[in-house]
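To keep things clear, I will list the structure first and then write my remarks on it.
Bear in mind these aren't lab numbers, they're just calculated from the coordinates by the rules spelled out. Nothing here was measured: the structure is a model prediction, and the numbers come from that model. Using ideal geometry, Cβ is built from the backbone for each residue, glycine included, and neighbour counts are taken over all protein chains shown.
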Amino acid sequence: MSFRTLAALFAFIIGGFAIAAGADARDRGRDRDGNWVLLATRSVDLKKEDDRIDVGTGKGRFRSVMIVGKDRLIDINRVTVATEGQPFVEKRRLKLEHGQRSRPIRFSREGQAIKHVDLSYRLHIGAAGPAKVELWGLRASPDVPTARSKSPSRTTTTAAAATAPQGEETDGAGAVMFGVLEVGSDVEQDVFKLGREYGRFGRIRLRAQGNAVQIKEVRVIYTGGAPDVLALSGEVAANEQTDWLDLKGDRFIREIHFVYAGRSRSKARLEVYGEYAESWFRPGSGTGAFSSANKGWLYLGGQSPLFVSIRRGLGYETDIVSVARNRGFKSLRLDVKNRAITLNQIKVVYSDDSSDIFAERQKVNGGTSYGPVELKSRRPIKQIEISYRSRIFDTQARGKGYAFVEFWVR
């Protein structure tokens, strides 16, 4: 066989491998594309500034969503993905022309079921009115989704649990935010202090906003007993959350110490969430040790407002507050910490999507409260929406950071 023939045969074999590799790559691409599924098609009303696309938890678990504008300009400045955990808020602007799709909005690493997606729009002259959008989701796995029943409640041998009513309707994300840290470029460690009044937590998780946070160690200091050093070391990616980190024992947290692996190039916001220990609060029955502390008030959830609204400049920021799973309460109180806020409105949304609206525009100083107010519905609280902002000029402020607002219920 001549050298020319061997060269031709070798080129043919290499070409065959290249074609096969290309086919495999295309197949993998199709597999990835195949995991994107159409969740909903809606005609949204841009005049309303806000709209909701219902999905439902029975459609399976997803890691990302994508929005497609079908027929006209849609300028979106806020996307809120409501899951079975705390809501994920994407505040980067999405300006979609006719037929254009957004970048993937990743809200979960492992995948979560989606309850609904809320869109907030930026109005343009002559652009108000109906517009058609598609909502796509990236499956966490290619498996066909099945409707999932609620996880069975953990059992306990206490008398309170034995007499508590079973099967009560509950709502709420389950996780409550009880702390926010502003991680600066010159900070190597932080200490977050927590009081006994907030209760006992069975597990916590962290969420980074704005930029990634490199964490070397998380140490939980209790009011008594040995501390917990949590199994978390590495990067918490921007706009993502960690897995739940279980706490040992049923104790009150005094402090949480954070040691960062390296100095960040830019500032990030680190949010701390917790889920109550069953002995402190049992959502199905509404009972627990909390009832004999704080005059029966339970911490339901919190949030930290900005100085300047992302949507309206010096206007008001609207945040969705993740609340503990619950079956309803009679009264609600808002406590303000660190710095005064300008409060515009509080909207309490119940499990049947009915709502109560409270407050008129007013200043609430740090260290004071708004309320308590009576809740008209006794149904489970699904979430709380608050329109507000931190006040820049406050001579009584503690530090230079934002305010922190806390919702308490009884």
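Compute the length gained on full extension between ASN365 and ARG103: take 0.36 nm times their separation in residues and subtract their Cα-Cα distance, giving the result in nm to one decimal. If you can, show how the numbers build up before the last one.
Working: separation 262, 0.36 × 262 = 94.32 nm, distance 4.01 nm.
Contour length minus the Cα-Cα distance gives 90.3 nm.
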Between VAL37 and LYS132, how many nm apart are label points set 7 Å from Cα along the C-beta direction?
2.3 nm
Set the Förster distance to 30 Å, then compute FRET efficiency between VAL229 and ARG333 from the Cβ-Cβ distance, nearest 0.05.
0.30
Do the alpha carbons of any pairs in LYS48/LYS347; LYS248/LYS295; LYS193/LYS330; LYS330/LYS363 sit beyond 22 Å of each other, and which pairs?
LYS248/LYS295; LYS193/LYS330; LYS330/LYS363
If you wrap the stretch 178-273's Cα atoms in a convex hull and average its projection over all directions, what's the area in nm²?
5.3 nm²
Charge dipole (the stretch 351-410, unit charges on Cβ, about Cα centre) - positive-most of PHE407, PRO380, PHE393
PHE393
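Considering only the other residues whose Cβ falls under 10 Å of the Cβ of PHE107, what net charge follows from Lys and Arg at +1 and Asp and Glu at -1? Mind showing how you got there, number by number?
Values: positive: ARG63, ARG106, ARG109; negative: GLU90, GLU240.
Spelling it out: positives minus negatives among the neighbours equals +1.
For the stretch 317-404, what is the Kirkwood hydrodynamic radius in Å, using each pair of distinct C-alpha atoms? Mind dumping the intermediate values first?
Numbers: mean 1/r = 0.0732 Å⁻¹.
Computed over the stretch 317-404, the radius equals 13.7 Å.
Could you give the dipole magnitude of the stretch 178-273 about its Cα centre, charging the beta-carbon of Lys and Arg +1 and that of Asp and Glu -1, in debye to the nearest 20?
On the way: 15 positive and 14 negative charges, 31 e Å.
It works out to roughly 140 debye.
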Built amide H within the under 5 Å cut-off of LEU375, gap 5+
SER331, LEU332
By how many nm would the segment from GLN396 to LYS193 lengthen if fully extended, with 0.36 nm per residue of separation less the alpha-carbon distance?
71.1 nm
Grab the beta carbon distance between SER355 and LYS91, set R0 = 25 Å, and tell me the FRET efficiency rounded to 0.05.
0.60
